[in-house]
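Undergrad: My questions all concern the structure below.
What follows draws every value from the coordinates through simple rules; no lab data is involved. Treat the numbers as computed from the prediction; the structure is a model and nothing was measured. Cβ sites come from the backbone with ideal geometry, for glycine too, and all protein chains shown count toward neighbours.
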Amino acid sequence: MRVLKRFPVRLSDRPDHELVGVIRMPELTVSPLRSILKRIIGAMLALLATVLIVYLDRDGYRDANGDGLTFLDSLYYATVSLSTTGYGDIAPATPSARLVNVLVITPLRVLFLIVLVGTTLEVLTERSRQAFKIQKWRTKVRDHTVVVGFGTKGRSAVNALLGDENVEPDHIVVVDTDQQALEAATSLGLVTVHGSATRADVLRVAGVQRARAVVVAPNRDDTAVLVTLTARELAPKSHIVASVREAENVHLLKQSGANQVVVSSETAGRLLGMATSTPLVVDMVEDLLTPESGLAIAERPVEPSEEGGSPRHLPDIVLGVVRDGVLYRVDAPQADAIEPGDKLLYIRKVTAAETIER
């Protein structure tokens, strides 16, 4: 008898509700005390509404004592009714009172119970909420940035991205295998995917095939090469930036499809060497690389009034001209005159107001 082998369904082919725990959408955090107070207030409002309904229609209720309903009796009836105790000593007698019980008191009873067991229901519905958010996000996400690895390099990259006023947190997707790192990313409002980015399935779930850019920042160079190869295969048009520890591996990253490669160890080493002789230069470099305050390197399109002129004569401190995707330093012959469609790399001053808005 032949035995048919069952192959596991690819991660990217699974329905959205099965991706809860793999993809995590950011949630608005509410303090436990505030959540409990909201539930108590909701329960009290439901109870008060029931008391008023019963008291206003008190002639339609029969009391076991036969002396009519007081406000205290109405409160007593509302309490035992909403808690589903129902001793039966007070009961609706007229058709109108019974109709109100069916149409109003019963829904209030259900609402009251939902509020009281809200914590349990919240846990039970969390998976459904996440599944709905994942479905909505996967259908709409386009031109986002995928960050592979949320260690020191990945976090710094995300901070730089968030420094751009045009980048929203939910348009950054962090892929990592470390649950604590993903928790930290979620606290920043980022979308997270739990899994190894060396697997094509995980990158598909992160939507890398529709991503504008991919930041590859794992802890190992061999992992960076494999992730870059996989990402380039899935996203031939995305801009891939990879970090590497050793300069001898730069060519491997570029052959794997990285558009740009940053050598983290050599860059840090240069800054360390410069700090021994010219520490203020290092401070200036750090200022330029920190978008939150002080000075920052930015890019902007040229204005019509600037076309034909020299970038060296502009009020801004221009570092280079980007033309057809190629960067020319400001002292290069190609940058003598600004052409239509060029972009300028310049030093921009970040004001305190911009920092507060971010």
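Undergrad: Under the definition of Cα pairs under 8 Å and six or more residues apart, what whole-number percent is the relative contact order of the stretch 142-267?
TA: Details: 256 pairs, mean separation 28.9, N = 126.
So the answer I get is 23 percent.
Undergrad: Among VAL321, VAL51, which comes first, second and so on when ranked by fewest other beta-carbon atoms within 10 Å? Provide the component values of the computation, followed by the final result.
TA: Working: VAL321 23, VAL51 20.
Least to most surrounded, the residues fall as VAL51, VAL321.
Undergrad: Taking neighbour counts of Cβ atoms within 10 Å as a proxy for exposure, in what order, fewest first, do LYS153, LYS254, LYS38 appear?
TA: On the way: LYS153 19, LYS254 16, LYS38 13.
Placing the least packed residue first, the sequence is LYS38, LYS254, LYS153.
Undergrad: Summing +1 for each Lys or Arg and -1 for each Asp or Glu, what net charge is found among the other residues whose Cβ lies under 13 Å from the Cβ of THR267? All intermediate terms of the calculation are to be shown ahead of the outcome.
TA: Numbers: positive: LYS153, ARG245, ARG270; negative: GLU246, GLU266, GLU286.
So the environment of THR267 carries a net charge of 0.
Undergrad: Given 0.36 nm per residue, what is the gain on full extension from ASP331 to ALA268 after removing their alpha carbon distance, in nm? The partial results should precede the final answer.
TA: Values: separation 63, 0.36 × 63 = 22.68 nm, distance 2.67 nm.
Gain in length upon complete extension: 20.0 nm.
Undergrad: What ranking do HIS171, HIS144 get, fewest neighbouring Cβ atoms within 10 angstrom at the top? All intermediate terms of the calculation are to be shown ahead of the outcome.
TA: Values: HIS171 17, HIS144 21.
Arranged by neighbour count, lowest to highest, HIS171, HIS144 become HIS171, HIS144.
Undergrad: Within 10 Å of each candidate Cβ there may be at most 15 other Cβ atoms; applying that plus a DSSP loop requirement, which GluC sites (Glu not before Pro) in the stretch 126-227 survive? Each step should come with its number before you reach the end.
TA: Details: sites: GLU126, GLU165, GLU183; in loops: GLU165.
Qualifying residues, ordered by number: GLU165.
Undergrad: Using alpha carbons only, how many angstrom separate the centre of the stretch 326-345 from the centre of the stretch 269-292?
TA: Centre-to-centre distance over Cα atoms comes out at 26 Å.
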